[in-house]
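Working notes, beginning with the structure itself.
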Amino acid sequence: MWVLLALVTGLSIWAVTQRFRLDPNVAGLLPERGESAALRQYLRAYGGSDLGMVLVADPNEIGLSGEAPTPEELQAVARELAEALEPLPTVKVAAAGIDAEGELDPLLVWRHADGAARDRLAAALTLDGMRARLRTSRSMLLAPGSGLAERIAKDPLRLQQLLAERQVVQSGFRTQADGSFASDDGRARLVLVFPAGQALRGDDAKTFVGEVTPVLDRVRTAHPNVYLGLTGGHAIGAATERMLRRDLIWSSNLSMLLASLAFLLTFRRLRAILAVFPPLALGSLWTAGVATLWPGGLSAIAVSFMSVVIGVGVDTGVHVYAALLEARQEGLAPADAARRARARTQKPVLVAATTAGAAFAALALSEIAALRQLGLLCASGEILTALGIVLVTPVIGARLERKAPPVERRPRWTELVARLTATRGRAIACLVLTALPMVGLVLGYGPRVADAIVAMRPRSLEPLAVQQRVYDAFGGRVGQWVVLVADEDAERARARADGITEALVAEAEHLESLDALTALAPARTTQEARFAARDALDLPQAAKRLERALSLEGFAPSRFEAVLSSMREPPRTFVTLDDIRQREDNEILLQRYLGRDGPLHTVVLYVLPKPGAEAAVEAAIAAADPRAAVTGYGRLESSLRTTLLVDLPKVGVVAAVMVVLALAFALRRPRDVGLALAVVAGELGIVLSLVGILEVPLHAYDALVLPVLLGITVDEAMFLLYRARQSGDDVQETLRREGPPVATTALTTAAGFAGLLICDFDGLRHLGAVGAIGSVMGLVVAVVVVPAGMRLMPRG
């Protein structure tokens, strides 16, 4: 046996040191169906190649303070930064703007014109429309220093300007006339960076941030009055992994410290820690070895497994070591006491561990991958640590307890608790008080379901704060939708996306913004349809009208022969993606729209409906393309609420069934099983009430811990009832003997969860709060309900 343990331990050490990694991908925190499934697909297709952004801004513009740089200085800094980032090995392209040079043939503007723009263009080709626009063109030419003669000669009707007027569809980031990514006042600018690696690969993200950060530091030193902030998928991924690693280390160490303190308060013997914590660490190591079996690494929520395993795993050590000391106090030799302790406790502690493990394993039914990870890891850890402690702690304890055993102490608190239920009246009153919170919940007085987005995207991350400053500076807001089109044919996917765009343009009054590839490079079929609409206007006849209009408005038609000849034989030049890619800077824009998800080509549109117009926009999308998926973080709340409503009953029923089966196996008597279930029900009511009172956010990541608590905290009732059977239902004897161990197990479990309270990741903090409250309340209810039930229903 010891050889097998050594082999397993060696393999675990190798796996943890060589294969253990964290997964910063937020997709693992999303359900696997509905809009969340679409967002997972979007993250797979676009999250890996997410653009990086550096915000270059006046500190006062984004809510900070400092000496204000001029817009010209910010422009120079943005260009300097782009030039400095471009040579980095992890950077494909860095740009402070796009190529704004070159003009489009006025008769090619139709290929980029949506329905509304085509209507404006058609109106401009009537005789009256031509004359009105020519009059404006003449006024512009007469303005002092206009310098527009050459441009007007090429496009006297200013059709390119007409295309841009009231344009609903935008492409990419806001640009100014010089092509720079800048706000209108020039006090906030962006440098876009196309990284070489994948944002969802931890090493790639860290390497990219590691190379970019020194460049930012050098530029900050040279321009101390300019704010520089890095955001984007790589920056968020690297920061998330740092946060998770820090959370894992600090929370597990705090859990170990708090559990040790609870242990010491009970046994008042430092040697007890030496007997329990080495096998606990061994079991935790084995569990960490199991964690390396997940090829993608551990998600943000699953990181909490170590703290939970430590807190819950100590429970076994408490009961085993308490039994060892009790046997020594009864006069047994150390070796005999070790055998007695193992024989007396192995069945109840292993049943308790299996019950808790089964409750954790019920999380495997969740639609959220991170919760499945957490459940399976905690289930493994619960059983593995219990096995390690049952096997090893009696052996170590026998060596440590060779001296005279400690004098048995009678904790006074157990006597006070016994008095609470000393009479039938008091016992009934205690049962009623513990049941009142559950009655309140039935009547609808419960905690509110919070927004899970807060838990999923922690606001304390600096790249997310930078992202919000970009929104603030450039006029955006949280809530943008992602309309995802996936197709096996790339051209067909682009055409479908163009069709959705056309439908949304017709709903322009319901939109704050619409960002789509069609404004930059429509699909070939879209361009053909738009050219057909142009040709239906009979441009050769329009050339005759233009020649007449020019004469009527005092222009010499001969000066405009180039445009007149073009109208007589209209060009049909199609723009392709290769044309866009001829300049590397433009590749940055294409990354926003085009992606791959396995065999599927994906195209996305970014839509921001006006408040209150969401239903109309969603209906327009569905009518244009029923197969398109609408997703985005702004739409996840309802999806996560649905997941919670689906998962909670499944996990709760399975956990409850496991608890009932374990209680029936361990206790066998209907009265005892009923009392244990009453403890669980009372605890659940109190926990939910306290969660509401303390305003702990309840969401998909911590609410699913509630049914798991059934399996964890039922231990206290189970051990009290198990001891009551041995003491002949003597309440005082039961509490005196079993009260301190169950108090310690509850407090060490609470300590495990409490270690998560220092985490930066919001979801882990909330999970820790619910778990700690549940563990403490489970103890309180158990030491009240079990004695009360024994008073009211004595054994016959």
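The values are calculated or read from the model by the stated rules, or taken from the named source; none is laboratory data. Just so we're clear, the structure is a prediction, and the values are computed from it rather than from any experiment. A quick note on method: Cβ atoms are made from the backbone with ideal geometry, for glycine too, and the neighbour counts reach across all protein chains shown. Accessible surface areas use protein heavy atoms only, side chains included; no ligands, DNA or RNA. Shrake-Rupley method; radii C 1.70, N 1.55, O 1.52, S 1.80 Å.
Data table
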{"read-out": "Test for Y471: is it modelled with pLDDT under 85, surrounded by fewer than 17 Cβ atoms within 10 Å (Cβ to Cβ) and closer than 19 Å to L230 by Cβ", "value": "yes"}
{"read-out": "Residue match in segment 727-746 (condition: without any contact (Cβ under 8 Å) to a residue 12 or more places away in the chain and in contact with a Ser or Thr (Cβ under 6 Å, 6 or more places away or on another chain))", "value": "yes"}
{"read-out": "Candidates V776, V783, filtered to the one that is touching a residue at least 60 places away in the same chain (Cβ under 8 Å) and β-branched (V, I, T)", "value": "V783"}
{"read-out": "Condition met for R559 (open to solvent by 20 Å² or more (accessible area, probe 1.4 Å) and in contact (Cβ under 8 Å) with a residue 60 or more places away in the chain)", "value": "yes"}
{"read-out": "Residue satisfying condition, being among the β-branched types (V, I, T), in contact with a Lys or Arg (Cβ under 7 Å, 6 or more places away or on another chain) and buried (at least 24 other Cβ atoms within 10 Å of the Cβ), within set T734, T745", "value": "T734"}
{"read-out": "Candidate set: segment 238-294, residues that are in contact (Cβ under 8 Å) with a residue 40 or more places away in the chain and of a type in the set (S, T, Y); chosen: the one most open to solvent (accessible area, probe 1.4 Å)", "value": "T266"}
{"read-out": "Hits in segment 474-510 - residues which are buried (at least 18 other Cβ atoms within 10 Å of the Cβ) and among the β-branched types (V, I, T)", "value": "V482, V483, V485, I500, T501, V505"}
{"read-out": "Subset of segment 659-669 (residues that are over 12 Å from L721 (Cβ atoms) and open to solvent by 10 Å² or more (accessible area, probe 1.4 Å))", "value": "V660, L661, A662, A664, F665"}
{"read-out": "Leading residue by the ranking (nearest to the chain's Cα centre (by Cα)) among those in segment 700-721 that are under 18 Å from V673 (Cα atoms) and of a type outside the set (A, V, I, L, M)", "value": "P707"}
{"read-out": "Residue within segment 511-518 that is surrounded by fewer than 21 Cβ atoms within 10 Å (Cβ to Cβ) and part of a helix (DSSP H, G or I) present", "value": "no"}
{"read-out": "Test: residue in segment 187-201 that is within 21 Å of E73 (Cβ to Cβ), touching a strand residue (DSSP E or B) at 6+ places or on another chain (Cβ under 9 Å) and either surrounded by fewer than 19 Cβ atoms within 10 Å (Cβ to Cβ) or of a type in the set (D, E) (or both)", "value": "no"}
{"read-out": "Residue pairs meeting the criteria (Cβ under 6 Å; at least 6 apart or on separate chains; first closer than 20 Å to I236 by Cβ and at pLDDT below 95, in segment 206-224; second open to solvent by less than 70 Å² (accessible area, probe 1.4 Å) and part of a helix (DSSP H, G or I))", "value": "K206/A238; F208/H234; V209/A235; V209/A238; V215/A84; V215/L85"}
{"read-out": "Which numbered condition F555 misses (of (1) more than 17 Å from A153 (Cα to Cα); (2) not in a helix (DSSP H, G or I))", "value": "(1)"}
{"read-out": "Selection status of V679, buried (at least 20 other Cβ atoms within 10 Å of the Cβ), aliphatic (A, V, I, L, M) and closer than 19 Å to P437 by Cα", "value": "yes"}
{"read-out": "Options R410, R448, R372; residue that is at negative phi, in contact with a strand residue (DSSP E or B) (Cβ under 9 Å, 6 or more places away or on another chain) and modelled with pLDDT under 85", "value": "R448"}
{"read-out": "Residue list for segment 78-106, restricted to those being crowded, with 19+ Cβ neighbours inside 10 Å and either in contact with a Lys or Arg (Cβ under 6 Å, 6 or more places away or on another chain) or modelled with pLDDT of 80 or more (or both)", "value": "A78, L81, A82, L85, T90, V91, V93, A94, A95, A96, P106"}
